[in-house]
Amino acid sequence: MNTAAKLQIIGILAAALFQSLEIANAADAPQPYGALPTPRQVAHAEIETYAFCHFTVDTFTDREWGTGGESETGFNPTAFDANQIVGALKAGGFKGVILTCKHHDGFCLWPSKFTEHCVKNSPWRGGKGDVVGDFAAACKKAGMRFGTYLSPWDRNNENYGKPEYVEYYRNQLRELLTNYGPIFEVWYDGANGGTGYYKGKVGPVESKDVNERRNIDRTKYYDWATTWKIVRELQPDANMFSDVGPDCRWCGNERGFAGDKCRATITFAPDSAPGTSIPHLGDGMLGGNVWCPAEVDVSIRPGWFWHEKENARVRSPENLMQIYLNSVGHGATMLLNAPPDRRGLIHENDVESIKQFGEHLRDTFASNLAAGAKLTASNVRGGDAKNYGPQKLIDDGMWSAWVTDDSVTTPEVTFELNGGKTFNLIRLREDIRLGLRVEGVAVDAWTDGAWKEIAKAESIGSCHLWRIPKMTTDKVRIRVTKSPVCPALSDFGLYLEPEFATWIPPIGGNAKMAEKAKWKVVSASYEAPGGEARRAIDGDAGSLWHTHGPDGEHPPPHNIVIDLGAKSTLTGFTYLPRHDGTTHGIVDQYEFYVSEDGATWDAPAAKGEFGNIKANPVEQSVTFEKPASGRFIKFVALHSADGNHVTVDDGRRDRGSVECKPGRGECELRAASRRGRAAEYAGR
């Protein structure tokens, strides 16, 4: 029996036992329907928002994915304070923190006895520090939950890809789950296998860069059933996250939203495993055979690790609220990444945005305008108002529910408000302990002497939120329009969300990119009809230079040579991947050259990879180790993250996808980044 099937059966049996204990005491209790949550999953749904902290050697090397060859001495935060980090996140209303205890680079933020590639060999605190321990202690002090991320992929370990590494991984998992107190979530990444340093044992000269590819069978290599059993034994209350759960699943993107009908139930294919292609992640499946709700993971910055050049590209409080509505408000949970900087602190811009978001969230939900309403339901189960009456919708219990008779599947309930109420946000929950029961619901308001529909949905689950135009009424109504069994609605609220003030990051900058008006494509290794190389710099967001021709894909490497029109001193470049909803042809490994005459090309000014670009296809910025002067540039796409061809996009007239940063360097990149992507990260 495959891993996913085993975990599904265990979850179903545990949930059934839980339900029998919880509701068997009520007379004429409704029967649970479909796949059910376990007690740990119900508790997890109640948390709603929690935070991610990406922190490792990547913070100091300015990379998104370390190669594994980074020196331990590179990790040296100057003012690390876990209490500042946790305190900033608590101010945002987040209930827990998940730390990247080990990312793909293999560097461990705790003094592991199974590797030397960890904090005990860093200069930080003389090798006596323990980042994981400090985070766990800070969470405990603040009344926050603590979670762990232990990357299954390890680009440092020389045994990765062999059976010995799996035992190493499990040993480290045991260290984290036994030494740092209660763990509320254990997080597994889907990025498994590929290029890495792996101790640099390839070739006659040891390399600190990516120098070997190690592929694994993701469905079998980790033996996930055995690995997850360790978590169940050591931390039975912890929820496990991955593409296939078993407790919560990925929403399918890193842009901050789940589908509008994001159902908590889903059916996984027999060979499903973290890192494999999983359909229906964003919406779930009606009638899915396992309860595995979505988690929306998104970063407050374009990248997942702190980069100085992104200090002015922090998401606004308004944008964070939109993410909340599109995650928690769609029945998922919200996991916001706030990466510490090289000091070991949350940057001031991030702190301020998170604080304002938390204040806005508290102000929004401070008063339920439906409280105190007179309720009239078309039906109450067995006439038992005490146990199943509509007042359960506005009491203090999150899951106490208004339930109807088995034969009544499309009931309604009216709220006569105490005087006219003005609101612009609606919340509705159903008792998820009884399963996903409602497949259609609408909310009406009494307007101009008649009922007017103001909101509707095909799924409710643990929470559904509607943001609507501000309105005033003295009467609202809930109508269940479709349900295969009697509904069990547990919570209803009307709220007045305040307006946001204009958000300007406290710390910004002013600068410009290289002038593009004089740019001209000199040559390209291949141009498909309709995908000419000029489209890489034409300023049209809908056009692409691509190498997928009429005869099929033309695989990399491919290059494009551009005449800048005049000699320039360059400090770096940016690459904008396509953002049309597909990832085919997105470049993840590159070289970049600068030339005086366009004929002589010396060593590349930069080479490397765009880490995590497939899952997070945002603009990539690369800064050269030293400035390079010339009139001609050549961008070489060595490999694509998806498919077997190359694509390059261009999002703005004044900002191309292969661009140069002239002059003094990083300060210019910050301002250009802010100007070029303000709409996405300012929430407007």
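Any aspartates and glutamates with Cα under 19 Å of the K140 Cα? List them, leaving off those in the same chain fewer than 8 positions away. Filter leaves E46, E48, D81, D130, E175, E185, D237. By the count of neighbouring beta-carbon atoms within 10 Å, fewest first, L417, L336 end up ordered L417, L336. For segment 630-647, putting each phi into the Karplus relation 6.51 cos²θ - 1.76 cosθ + 1.60 with θ = phi - 60° gives couplings of x, 9, 10, 10, 9, 9, 10, 8, 8, 7, 10, 6, 8, x, 10, 9, 10, 10 Hz, in residue order, rounded to whole numbers and with x for Gly and Pro.
For segment 203-328, averaging the sequence separation of C-alpha pairs within contact (under 8 Å, six or more residues apart) and dividing by the residue count gives a relative contact order of 24 percent.
Filter the chain for me: DSSP H helices, axial length by Cα at least 27 angstrom, mean Kyte-Doolittle hydropathy not below 1.0. List them by residue number. The partial results should precede the final answer.
Details: long enough: 3-23 (30 Å, 1.37).
TM-like helix candidates: 3-23.
By the beta-carbon count within 10 Å of each Cβ, the least crowded to most crowded order of L325, L576, fewest first, is L325, L576. When the helices of the chain are scored as -39500 (n - 2.57) per DSSP H run of n ≥ 4 and the total is divided over every residue, the value at 222 nm lands at -6000 deg cm²/dmol.
The length gained by stretching the chain between D448 and E46 to full extension, at 0.36 nm per residue less their Cα-Cα distance, is 140.9 nm.
The residue list Q391, T410, I354 was ranked by how far each Cα lies along the charge dipole of segment 337-412 toward its positive end, using unit charges on Cβ atoms, and Q391 comes out on top. Amide H contacts under 5 Å for Y526: N559, restricted to partners 5 or more places along the chain or on a different chain, H placed in the peptide plane at 1.01 Å from N. Please give every one of the aspartates and glutamates within straight-line cross-link reach of K456, meaning a C-alpha to C-alpha distance under 17 Å, and leave out same-chain neighbours fewer than 8 residues apart. Output for K456: D260, D283, E412, E430, E439, D444, D491.
Between I468 and A225, full extension at 0.36 nm per residue minus the direct alpha carbon distance yields a gain of 83.0 nm.
Treat the count of other C-beta atoms within 10 Å as a stand-in for reagent exposure and order Y197, Y495 from fewest to most. The order, fewest Cβ neighbours first, is Y495, Y197. Our estimate of slack between D28 and A603, defined as 0.36 nm per intervening residue step minus the Cα-Cα distance, is 199.2 nm.
Between K386 and R631, what's the calculated FRET efficiency when r is the beta-carbon distance and R0 is 51 Å? Round to 0.05. Could the numbers behind the result be given before it?
On the way: r = 82 Å, r/R0 = 1.62.
Once the sixth-power term is evaluated, E becomes 0.05.
Of all aspartates and glutamates in the structure, those lying under 12 Å Cα to Cα from K421, and not within fewer than 8 positions of it along the same chain, are D474.
Under the definition of Cα pairs under 8 Å and six or more residues apart, what whole-number percent is the relative contact order of the chain? All intermediate terms of the calculation are to be shown ahead of the outcome.
Numbers: 1726 pairs, mean separation 87.4, N = 684.
Relative contact order comes out at 13 percent.
Overall shape: prolate for the chain, with the ratio a/c of the largest to smallest alpha carbon gyration tensor axis at 1.5 or above and a/b above b/c. If you average the alpha carbon positions of segment 309-355 and of segment 429-498, how far apart do those two centres end up, in angstrom? So the separation of the two Cα centres works out to 29 Å. The simple spin-label model puts a point 7 Å past each Cα toward its Cβ; for A142 and M398 those points are separated by 1.9 nm. By definition, a body whose alpha carbon gyration tensor gives a ≥ b ≥ c is prolate when a/c is 1.5 or more and a/b is larger than b/c, and segment 430-573 fits this prolate description. Taking amide H as placed 1.01 Å from N in the peptide plane, S299 has its amide H under 5 Å from the amide H of N337, each at least 5 places away in sequence or on another chain.
Every number in this text was worked out from the coordinates using simple rules, so none of it is lab data. Just so you know, these numbers come straight off a predicted model, no measurement behind them. No Cβ is skipped: glycine too gets one built from the backbone with ideal geometry, and neighbour counts run over all protein chains shown.
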